[in-house]
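Report on the structure given below.
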Amino acid sequence: MPHTIQARVSEKILHKADRLFNNSLSQVLVELLQNARRAGASLVTVTTRVIEPTITEITLTDNGSGITDFQQLLSLGDSGWKKEVEDHEDPAGMGLFALVHTGVTIRSRGKEVTISTAAFLGVETVEVVDQEAAEPEVGTTLIFIRKASVDAIGHALTSVVKYGPTPVILNGIEIEREDFLAAAVLVKEFEGVRIGVFADNTSNIRSDEVNFHGMVIRAPWSATLGSILLDEEGHTHHVHAKVDVVSTANLHLKLPDRVSLVEDGTYTRVWTEVKRAMYEYVAKYGRHIASYREYEEAKALGVDIGEAIPYLRPWFAQALDSGTV
């Protein structure tokens, strides 16, 4: 007899939630900072307290909207974010589970809860209680312990804040931030991302970087045209590109670790636009030594880069006694 079936999530997957994250300090901090930003925080304050030389208590406080439903903290895959956040970012509902290996105490809107590893895995319940001294009606504080030195925590936090959108103060000192595309010679926006084109006189560059709100991941593409530009002195310049995600629910990261891109339709469109942006800068610069194949590729993308400058690349013969054949 015909019957219907429907996808569902087994409760057993919750008991394996500790395998969803590799427990790296950087990944944990990225997830927590991203949650603060999505809650509307304009500032995150982090303090550390040494328990032992390699064991540190971390307290992270944001000035966001706070937590109205503590059950959402333990609802794996159900983020509970407002529709605006869902539409712009496609959150996975896994962020807080990055603390599954350590546990965490959370305070917000006068309430407090301590979530152990067992609670994250769904094998024990936790009680939400009133705070002894109620804190402001906005913001959230998380307290957890890491097997790491204060210096290691500072290094990891600095790396994930560097290109992030939210100011962070660590032990009273604001961490410096910078624009991921600061040195770009051309910047264009496309489907919620910023594409930056760079021209350098060296080929020792990264041409696969994508910045997701402070977390720099590697894309499967190589966004470079190589040493394609030629200046008046006859020096070549390397053209490459980076992508800075601003607000998009369409460019997806692979779950659960979210360190690589899903190669879907949006990925293809963004990658095509990255190539188009690089050729647009070549056309703007004018002096190039592109091959005919590159000329045809640019033309197919709707960009006329013009004729190449006559140029013979330097070539050196190996000496017979160099040890190479």
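Tabulated results
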read-out	value
Options VAL187, VAL216; residue that is over 19 Å from TYR279 (Cα atoms), open to solvent by 50 Å² or more (accessible area, probe 1.4 Å) and not in a loop (DSSP other than H, G, I, E, B)	VAL216
Residue match in the range 97-108 (condition: of a type outside the set (A, V, I, L, M, F, W, C), buried (at least 18 other Cβ atoms within 10 Å of the Cβ), at pLDDT 90 or above and farther than 30 Å from ASP244 by Cα)	yes
Test: residue in the range 135-158 that is in a loop (DSSP other than H, G, I, E, B), among the polar types (S, T, N, Q) and without any contact (Cβ under 8 Å) to a residue 60 or more places away in the chain	no
Inter-residue pairs, beta-carbon under 6 Å, first free of Cβ contacts under 8 Å to residues at least 12 places away in the same chain and in the range 31-56, second of a type outside the set (A, V, I, L, M, F, W, C), 6+ apart	ARG49/GLU57
First in the range 98-125 and in contact (Cβ under 8 Å) with a residue 12 or more places away in the chain and assigned to a helix (DSSP H, G or I), second anywhere and among the polar types (S, T, N, Q) and open to solvent by less than 30 Å² (accessible area, probe 1.4 Å), Cβ under 9 Å, 6 or more apart	ALA98/GLN27
Filter result (among the polar types (S, T, N, Q) and either at pLDDT 90 or above or surrounded by fewer than 18 Cβ atoms within 10 Å (Cβ to Cβ) (or both)) within the range 249-296	ASN250, SER260, THR268, THR272, SER291
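The values are calculated or read from the model by the stated rules, or taken from the named source; none is laboratory data. Given the structure is predicted, the values throughout are model-derived calculations rather than measurements. Every residue, glycine among them, receives a Cβ derived from its backbone with ideal geometry; neighbour counts consider all protein chains shown. Protein only, heavy atoms only, side chains kept; ligands, DNA and RNA dropped before computing areas. Shrake-Rupley method; radii C 1.70, N 1.55, O 1.52, S 1.80 Å.
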